[in-house]
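S.K.: Starting off with a structure, shown below.
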Amino acid sequence: MTLRAKILLAQTPLAGALVLIAILSALTNATLGRNASSILQDNYRSVLAAERMKEALERIDSAAMFIVAGERQRGTAQAEQNFLRFEQALATQQSNITERGEPEATGLLRRNWAAYRAAYAHFVGGTAHDALEADYFRTMNPLFVNTKNAADRILDLNQDAMVRKRDQARRATERSNAVMIATALLASLIGLIGSTIFTRRILRPLSVLGQTARRLGEGDMEVRAKVSRQDEIGALARDFNLMADKLAQYRKSSLGELLQAQQQAQAAIDSLPDPVLIFDLEGQLLSANRAAERILHVTVEEATGAPLARAEPQIRTVVERVRAKVLSDDAGYAPAGFDEAVRVAGPGGVGNDVFLLPRASRVTTEPGGLVGVTIILQDVTRMLRFDELKNNLVATVAHEFRTPLTSLRMAVHLCAEESVGPLNDKQLDLMQAARQDTERLQQIVDDLLDLSRIQSGRMELHRRRVSAESLVREAVLPFTTAARDKGVTLKTELFPGSGEVDVDTERMQLVLANLIGNAVRYTPSGGTVTVRGRRTDTATVIDVQDTGPGIPKQYQTAVFDKFFRLPGSSSGGAGLGLYIAKEIAMAHGARLTLTSEAGQGSLFTVELPAASG
Ligand code: ADP
């Protein structure tokens, strides 16, 4: 059966109830109508007939009065007319006897009427006024009264019957009203219950379908709708189950692919030798590779509550710092140098410490929204070892160079000064060049030694309080000859009250010597180098300004790096001077900055915190 037919069927109890109520009310109406028409038929006609007979009697009586009064002709005509009327009404009454006692009353009326008619026939035969009058009062009038009473009797009988029937009809109406209301209520109730039961039966499979869909949505891929019907809902359930089958198949295949993809991704990060940690935005550890498990003792399962709980505290601090930085800057994180490497106990036990350098990148979705942070802790242990080896090598080589270089310089110096005998011009030129180069070599060796000292962290400062003025004067002095020889004006400007500073004078002299040496070296003949000592609210400042070629913007940071030399610069050392100067300045808590425009000269500024007290 189709769903439409079933829904129609479900309405039948209600429709049946309605039909029953309609039939009942029709029956009630018919009964009421019948009552009304029975009153009309049975009694109203008798009442009318009795009224007419009474009226005809009155007229015949008054006709007799006319005859007594001598108006015989008028009286006779009137009497004849009303005899006829009475007879007709009597005939109507005789054919409409309906009430108890009415046959007797009608019989009495007929007999009285017959007597009255006979009396009239005798009365009308008289002529003398007196005889007529006497006949009227003696015979006619008593018979008139009797006949009229008999008609009244019929009238009363029927009027009583009408009243009685009216009361009966009212009672019947009330009764049938009550019956009808009760029946209507009962039929409606039964109809409603029947319809509800039917409708529920029709709709039950829909709720089964709904429950199945809900469970499917919750992930139960095995659930199916158990509906075995042939209607539209049955068809819907079959289609639904088909869809569930497909979904389960798809889920199985997509789950497989997903698992495979996840395994591949995990394998890829596992293949990396360095620890990799992937965090979501809330700091929950989403994934970690084998190296992270091995070196940091992290497992993703354990990490749900407190990620890195078992990792060493310094790793936790660094990871937290880097993660917060990526989130706040919304950019990846790259370390500034090996100094940021964190030392942790390696998996090989004591003596196998590893150095991890943090680096981080943002994990983003397709439209670029940030969803997490990937932190790679690059194992730089080997690189640091190499660096250390290199530093040691440089330090050793530089150290070993020093003694032979000193005697070499001495020998070249003595030869160039002709202290050990005269030289011809050619020999003198060669010795002069050799002297310059040994000086340069000495400078490089000194720089390398300073560098190794800085890198080994062995830079101890022996601070002492000196005036900025004496610091500047002492620094400038060694360069006056070289400047003059080169044709460069070397000026010293000292503002009054440039104050005192707490510095390791030897090292600070080295800083200034590097700056002034560069300035003199790179300023062409005719230029000026100004060394200025001044004082600000919080610092003592020493400027070294030149009118040389300047340093282009793109190199202004790089010039402070190790072994950096401006492309094309021929003279000078190994590119270590500014690096060493900066490191020494930093160790003093001072700032070394550069302001320069290409072709406009350079200004190096050392900003030393003013000596306290
Ligand atoms: P070096 O000892 O080779 O001079 P530095 O670290 O002192 O190395 O300087 C790095 C580079 O910076 C130099 O090679 C030079 O090209 C540039 N430089 C340094 N000072 C100046 C200056 N006053 N004017 C122009 N270039 C300079």
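The values are calculated or read from the model by the stated rules, or taken from the named source; none is laboratory data. Keep in mind the model is a prediction, meaning the values are calculated, not measured. Every residue, glycine among them, receives a Cβ derived from its backbone with ideal geometry; neighbour counts consider all protein chains shown.
S.K.: Going by the structure shown, is residue 187 surrounded by 15 or more Cβ atoms within 10 Å (Cβ to Cβ), modelled with pLDDT under 90 and part of a helix (DSSP H, G or I)? If you could, list the steps in order and put the result at the bottom.
M.R.: On the way: surrounded by 15 or more Cβ atoms within 10 Å (Cβ to Cβ): yes; modelled with pLDDT under 90: yes; part of a helix (DSSP H, G or I): yes.
The answer is yes for residue 187.
S.K.: Here is a follow-up. Determine, yes or no, whether residue 581 is within 8 Å of the ligand (Cβ to nearest atom) and farther than 14 Å from residue 522 by Cα.
M.R.: Numbers: within 8 Å of the ligand (Cβ to nearest atom): yes; farther than 14 Å from residue 522 by Cα: yes.
Yes.
S.K.: Please tell me if residue 521 is basic (Lys, Arg), within 8 Å of the ligand (Cβ to nearest atom), surrounded by 18 or more Cβ atoms within 10 Å (Cβ to Cβ) and closer than 23 Å to residue 446 by Cα. I'd like the intermediate steps shown before the answer.
M.R.: Details: basic (Lys, Arg): yes; within 8 Å of the ligand (Cβ to nearest atom): yes; surrounded by 18 or more Cβ atoms within 10 Å (Cβ to Cβ): yes; closer than 23 Å to residue 446 by Cα: yes.
Yes; evaluated as a whole, the condition is true for this residue.
S.K.: What do you reckon, is residue 214 within 22 Å of residue 340 (Cα to Cα) and either assigned to a helix (DSSP H, G or I) or modelled with pLDDT under 90 (or both)? Full working, then the answer.
M.R.: On the way: within 22 Å of residue 340 (Cα to Cα): no; either assigned to a helix (DSSP H, G or I) or modelled with pLDDT under 90 (or both): yes.
No: the conditions fail for residue 214.
S.K.: Here's something else I'd like to know. Filter the range 556-610 for residues that are under 17 Å from residue 507 (Cα atoms) and hydroxyl-bearing (Ser, Thr, Tyr); which is surrounded by the fewest Cβ atoms within 10 Å (Cβ to Cβ)?
M.R.: 605
S.K.: Run down 70, 75 and say which single residue is at positive phi and either modelled with pLDDT under 95 or under 60 Å from the mean Cα position of the chain (by Cα) (or both).
M.R.: On the way: 75 fails: at positive phi.
Residue meeting the stated conditions: 70.
S.K.: Go through the range 574-598 and count every residue that is of a type in the set (Gly, Ala, Ser), in contact with a Phe, Trp or Tyr (Cβ under 9 Å, 6 or more places away or on another chain) and part of a helix (DSSP H, G or I).
M.R.: Quick first cut of the range 574-598, residues of a type in the set (Gly, Ala, Ser) only: 574-575, 577, 581, 585, 587, 589-590, 596, 598.
Add one more test, that the residue is in contact with a Phe, Trp or Tyr (Cβ under 9 Å, 6 or more places away or on another chain), and what stays is 574-575, 581, 596.
When the remaining residues are screened for being part of a helix (DSSP H, G or I), the result is 581.
Summing the residues that are of a type in the set (Gly, Ala, Ser), in contact with a Phe, Trp or Tyr (Cβ under 9 Å, 6 or more places away or on another chain) and part of a helix (DSSP H, G or I) in the range 574-598 gives 1.
S.K.: Out of the range 466-509, which residues are among the hydrophobic types (A, V, I, L, M, F, W, C) and within 14 Å of residue 608 (Cβ to Cβ)?
M.R.: To start, the set of residues in the range 466-509 that are among the hydrophobic types (A, V, I, L, M, F, W, C) comprises 466, 468, 471-472, 475-477, 479, 482-483, 488, 490, 494-495, 501, 503, 508.
Residues satisfying the conditions are 466, 468, 471, 472, 475, 501, 503, 508.
S.K.: Of all residues being farther than 13 Å from residue 69 by Cβ, surrounded by 13 or more Cβ atoms within 10 Å (Cβ to Cβ) and not aliphatic (A, V, I, L, M) in the range 123-142, which is modelled with the lowest pLDDT? Just the residue, please.
M.R.: Only one residue tops the list, namely 126.
S.K.: Output the number of the condition that residue 507 fails; it satisfies all remaining conditions of (1) outside any helix (DSSP H, G or I); (2) touching a residue at least 40 places away in the same chain (Cβ under 8 Å).
M.R.: Among (1) outside any helix (DSSP H, G or I); (2) touching a residue at least 40 places away in the same chain (Cβ under 8 Å), the lone unmet condition for residue 507 is (1).
S.K.: Looking at the range 524-531, is at least one residue away from the ligand (no atom under 15 Å from the Cβ), closer than 21 Å to residue 596 by Cα and assigned to a loop (DSSP other than H, G, I, E, B)?
M.R.: Kept after step one, since they are away from the ligand (no atom under 15 Å from the Cβ), are these residues of the range 524-531: 526.
Filter once more, so that each one left must be closer than 21 Å to residue 596 by Cα: 526.
So of that shortlist, the ones also assigned to a loop (DSSP other than H, G, I, E, B) come out as 526.
The answer is yes, given that some residue of the range 524-531 is away from the ligand (no atom under 15 Å from the Cβ), closer than 21 Å to residue 596 by Cα and assigned to a loop (DSSP other than H, G, I, E, B).
S.K.: With surrounded by 17 or more Cβ atoms within 10 Å (Cβ to Cβ) and of a type in the set (Ser, Thr, Tyr) as the only criterion, which of 195, 207, 228 stands out? Working first, answer last.
M.R.: Details: 207 fails: surrounded by 17 or more Cβ atoms within 10 Å (Cβ to Cβ); 228 fails: surrounded by 17 or more Cβ atoms within 10 Å (Cβ to Cβ).
Answer to the selection: 195.
S.K.: Restricting attention to the range 546-573, which residues are within 6 Å of the ligand (Cβ to nearest atom) and either of a type in the set (A, V, I, L, M, F, W, C) or part of a loop (DSSP other than H, G, I, E, B) (or both)? It would help to see each step written out before you state the result.
M.R.: So the first thing to find is which residues in the range 546-573 are within 6 Å of the ligand (Cβ to nearest atom), and the list is 546, 548-549, 551, 559, 564-566, 569, 572-573.
The answer is 548, 549, 551, 559, 564, 565, 566, 569, 572, 573.
S.K.: From the list 275, 313, which one is modelled with pLDDT of 90 or more and closer than 15 Å to residue 343 by Cα?
M.R.: Details: 313 fails: modelled with pLDDT of 90 or more.
Answer to the selection: 275.
S.K.: Are any of the residues in the range 74-94 touching a residue at least 60 places away in the same chain (Cβ under 8 Å) and assigned to a helix (DSSP H, G or I)?
M.R.: Here is the first cut: in the range 74-94, the ones touching a residue at least 60 places away in the same chain (Cβ under 8 Å) are 93.
Now narrow it down to the ones that are assigned to a helix (DSSP H, G or I): 93.
Yes, that holds for at least one residue.
S.K.: To continue, here is another question. If you check residue 501 against the conditions, is it under 60 Å from the mean Cα position of the chain (by Cα) and surrounded by 18 or more Cβ atoms within 10 Å (Cβ to Cβ)?
M.R.: Working: under 60 Å from the mean Cα position of the chain (by Cα): no; surrounded by 18 or more Cβ atoms within 10 Å (Cβ to Cβ): yes.
So residue 501 does not fit the description; no.
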